[in-house]
Amino acid sequence: LTAMGEPSMDPTISSPDSTAQQDSFFSMMDVFLISLITGLFTYWFFFRKKKEEVPDLPKMQSVAAPVRDSSFIEKMKKTGRNIVVFYGSQTGTAEEFANRLSKDAHRYGLRGMAADPEEYDLSDLSRLSEIDKSLAVFCMATYGEGDPTDNAQDFYDWLQEADADLSGLRFAVFGLGNKTYEHFNAMGKYVDKRLEELGAQRIFELGLGDDDGNLEEDFITWREQFWPAVCEHFGVEATGEESSIRQYELVVHTDVNMNKVYTGEMGRLKSYENQKPPFDAKNPFLAQVTENRKLNEGGERHLMHLELDISNSKIRYESGDHVAVYPANDSSLVNQIGEILGTDLDTVMSLNNLDEESNKKHPFPCPTSYRTALTYYLDITNPPRTNVLYELAQYATDAGEQERLRKMASSAAEGKALYLSWVVEARRNILAILQDMPSLRPPIDHLCELLPRLQARYYSIASSSKVHPNSIHICAVTVEYETKTGRLNKGVATNWLKNKVPDQNGSSSLVPMYVRKSQFRLPFKPSTPVIMIGPGTGIAPFIGFIQERAWLKQQGKEVGETVLYYGCRREHEDYLYREELARFQKEGVLTQLNVAFSRDQAEKVYVQHLLKKNKGNVWKLIDEGMAHIYVCGDARNMARDVQNTFYEIVSEFGNMSQPQAVDYVKKLMTKGRYSLDVWS
């Protein structure tokens with residue numbers, strides 16, 4: 001401190017007065033500086049502490065949010081389980097199969113648990129051998145173009161990177177896929193192969209379920225051979241016939257605060273009244289429908305264009321993404337179920353899991369009313385699976401009806417054939433079964449326990465966020481058909497959307513939704529040519545693509561050739577977005593518009609026929625222009641026919657054999673130059 005004053009002092013002057021002044025000066029300076037430093041240190045200390053503590057609180061909360069707080073191994077040990085059935089599920093079917101397998105285990109003196117891989121650390125698989133007679137089963141669905149489901153993404157990433165020693169692990173895999181897709185059952189095949197590579201022991205062959213055929217039958221056939229293999233491996237025997245074991249117990253709330261009752265929310269109670277981002281599958285955004293117009297001029301079908309307002313939601317999307325909407329079941333179907341079962345649908349109840357250790361406390365948000373459960377949470381329109389029929393059989397008072405239900409739920413060939421014809425092909429939903437079996441009157445709570453969850457429906461977004469940042473557009477066709485029993489079946493989501501009329505106030509026009517990212521993306525360089533093939537509602541993502549290319553052109557960017565192959569039945573009936581496409585063509589954004597009208601002439605003309613007609617130009621764009629190809633729409637016929645057409649074009653103009661042409665197209669796919677957004 002003294003050094004601070006030294007340069008201004010002359011060392012030769014040393015009078016008593018000046019010395020006294022200097023001493024006094026230093027004393028005052030010392031006190032001032034010490035006070036200042038102490039003050040600054042105190043302020044810094046508390047300020048620093050505050051700064052550290054404030055962000056820590058939300059961090060602690062967010063860490064506690066996932067249920068990854070315990071190892072599945074420790075949980076199995078604690079609850080005496082030896083079989084764990086993991087599921088990779090996008091629509092709930094794989095989860096349903098996993099639950100069925102875990103329930104089966106008790107018949108063999110074993111105890112199973114179904115588990116969501118997202119909730120656990122799968123590196124613990126190497127420790128499963130610590131449990132006697134342990135087994136890991138994987139019910140893995142494949143999503144999109146060979147991708148894992150959302151909840152299995154982390155597991156998939158871990159498998160790819162893992163170098164774990166799984167030599168003590170015994171496993172079996174059942175895959176859920178669809179043969180109309182290019183990468184049939186890719187996830188099931190990969191998990192089965194990769195676990196073996198890591199040293200795990202397969203105790204039963206990979207099962208491949210095909211949703212384009214009869215997924216339920218595929219599962220039953222695999223399951224009836226799987227359990228004998230388990231018995232043989234572990235030296236156990238079945239303890240008896242399959243029995244009905246309730247997983248949940250009913251609690252009726254007679255005196256309940258209605259503010260604590262779920263009314264259709266997917267996750268957080270009152271989340272529809274008090275909306276908070278980020279929005280996702282468990283926290284959908286309630287979007288207002290601002291436009292709902294019919295697109296087709298004639299015909300029996302109803303094709304529609306809807307616009308959802310996402311202002312103030314902080315939702316971001318890209319052209320090619322999907323919008324998921326949570327629909328509601330038709331109130332008349334719900335009321336009829338209530339009447340047949342003689343139930344007051346407004347009874348408030350909870351279904352509580354009898355297994356207190358389970359992460360899944362309820363089959364759907366509880367407490368709620370039967371009406372809400374049947375309207376928003378349960379699938380009442382799809383034909384029920386065989387396990388539901390088996391469980392319901394005990395409630396049929398007529399011996400013939402009971403026997404029929406048990407037979408359809410059996411693995412006997414006759415039973416499978418009966419289930420296929422009477423339930424699947426006749427498209428009998430639960431209401432139709434109750435109507436056609438007058439003695440079958442199950443308790444409504446058991447029915448609610450058995451029915452699968454109502455799933456979100458996905459639509460390709462028909463807009464570009466560059467042009468419409470505050471709205472998401474949907475293009476859809478209402479599903480309506482007559483069944484073999486003469487009943488009129490209606491698609492849940494499309495008929496629900498059809499009735500969403502733009503309304504300034506009221507909930508009649510609100511749609512719970514969220515965005516799911518996709519790999520269906522425009523090329524990074526706007527100058528790259530694009531060939532888009534999308535008949536029918538398959539045109540949806542291409543409306544967004546063309547809007548974006550038009551916007552890029554307006555920004556002064558060089559935009560490559562934009563070629564569209566579109567198809568519909570008749571020019572003056574169901575030509576979707578006709579005016580918009582004509583305008584884009586006039587503006588020079590859409591450089592080629594090729595439209596196939598399949599029924600306007602004697603011979604049917606489809607998009608693949610127009611591709612063949614323009615094969616020289618198509619090859620030039622692919623070979624010289626390095627064009628990106630996009631196909632959207634029906635997977636079963638159209639996408640396959642289009643792909644075969646590309647094989648022919650490549651073979652002819654690239655001077656390649658058929659196998660070489662197939663390999664060429666596959667390489668385009670690998671490089672992201674041939675993309676599919678298809679459904680069956």
Subset tally (residues that are open to solvent by 60 Å² or more (accessible area, probe 1.4 Å) and either touching a residue at least 60 places away in the same chain (Cβ under 8 Å) or over 24 Å from Asn429 (Cα atoms) (or both)) for the range 327-358: 6
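If you go through the range 593-622, how many residues are among the polar types (S, T, N, Q) and assigned to a loop (DSSP other than H, G, I, E, B)?
We begin by selecting, within the range 593-622, every residue among the polar types (S, T, N, Q); these are 594, 598, 601, 608, 614, 617.
From what's left, assigned to a loop (DSSP other than H, G, I, E, B): 598, 601, 614.
Qualifying residue count, the range 593-622: 3.
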Candidate set: the range 359-382, residues that are out of contact with any Phe, Trp or Tyr (no Cβ under 9 Å at 6 or more places or on another chain), assigned to a loop (DSSP other than H, G, I, E, B) and not acidic (Asp, Glu); chosen: the one surrounded by the most Cβ atoms within 10 Å (Cβ to Cβ): Ile380
So Glu197 clears everything in (1) farther than 15 Å from Leu135 by Cβ; (2) under 24 Å from the mean Cα position of the chain (by Cα) except one condition, right? Which one? (2)
Would you be able to say whether some residue in the range 199-216 is over 25 Å from Gly92 (Cβ atoms) and part of a strand (DSSP E or B)? yes
Phe155 versus (1) assigned to a loop (DSSP other than H, G, I, E, B); (2) surrounded by 17 or more Cβ atoms within 10 Å (Cβ to Cβ): which is the lone unmet condition? (1)
Those residues that are in a loop (DSSP other than H, G, I, E, B), surrounded by fewer than 19 Cβ atoms within 10 Å (Cβ to Cβ) and at pLDDT 95 or above, I need them from the range 173-198; list them, please. Leu198
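Kindly evaluate Leu590 against the criterion of being assigned to a loop (DSSP other than H, G, I, E, B), in the same structural domain as Tyr647 (by the TED database) and over 30 Å from Pro278 (Cβ atoms).
The answer is yes for Leu590.
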Within the range 434-441, is there a residue that is part of a helix (DSSP H, G or I) and buried (at least 18 other Cβ atoms within 10 Å of the Cβ)? yes
Extreme residue, nearest to the chain's Cα centre (by Cα), among residues of the range 205-223 that are open to solvent by 60 Å² or more (accessible area, probe 1.4 Å) and closer than 19 Å to Phe171 by Cβ: Leu208
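Does Ile203 fit the bill of being assigned by the TED database to the domain that holds Ser508, at pLDDT 95 or above and out of contact with any Leu (no Cβ under 6 Å at 6 or more places or on another chain)?
no
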Tell me, yes or no, whether the range 644-664 has at least one residue that is in a strand (DSSP E or B) and open to solvent by 40 Å² or more (accessible area, probe 1.4 Å). no
Quickly run through the range 458-474 and pick out the residues that are more than 9 Å from Ser319 (Cβ to Cβ), touching a strand residue (DSSP E or B) at 6+ places or on another chain (Cβ under 9 Å), open to solvent by 10 Å² or more (accessible area, probe 1.4 Å) and not in a strand (DSSP E or B). His468, Asn470
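Quick check on my filter: what residues within the range 100-113 are in contact (Cβ under 8 Å) with a residue 40 or more places away in the chain and under 26 Å from the mean Cα position of the chain (by Cα)?
At the first step, the residues of the range 100-113 found to be in contact (Cβ under 8 Å) with a residue 40 or more places away in the chain are 100-101, 103-104, 106-110, 113.
Hits for the range 100-113 are Arg100, Leu101, Lys103, Met113.
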Does any residue in the range 157-184 that is among the aromatic types (Phe, Trp, Tyr) come within less than 6 Å, Cβ to Cβ, of a residue that is crowded, with 17+ Cβ neighbours inside 10 Å and part of a loop (DSSP other than H, G, I, E, B) six or more places away or on a different chain, and which pairs are these? Phe171/Ala200
Any residue in the range 135-149 that is open to solvent by 10 Å² or more (accessible area, probe 1.4 Å), assigned to a loop (DSSP other than H, G, I, E, B) and more than 24 Å from Tyr458 (Cα to Cα)? no
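The values are calculated or read from the model by the stated rules, or taken from the named source; none is laboratory data. Here the structure is a predicted model, which is why all the values come from computation and not from measurement. Methodologically, a virtual Cβ is constructed for each residue, glycine included, from the backbone with ideal geometry; neighbour enumeration extends over all protein chains shown. Just so you know, the surface numbers come from the protein's heavy atoms only, side chains and all, with ligands and any DNA or RNA stripped out. Shrake-Rupley method; radii C 1.70, N 1.55, O 1.52, S 1.80 Å.
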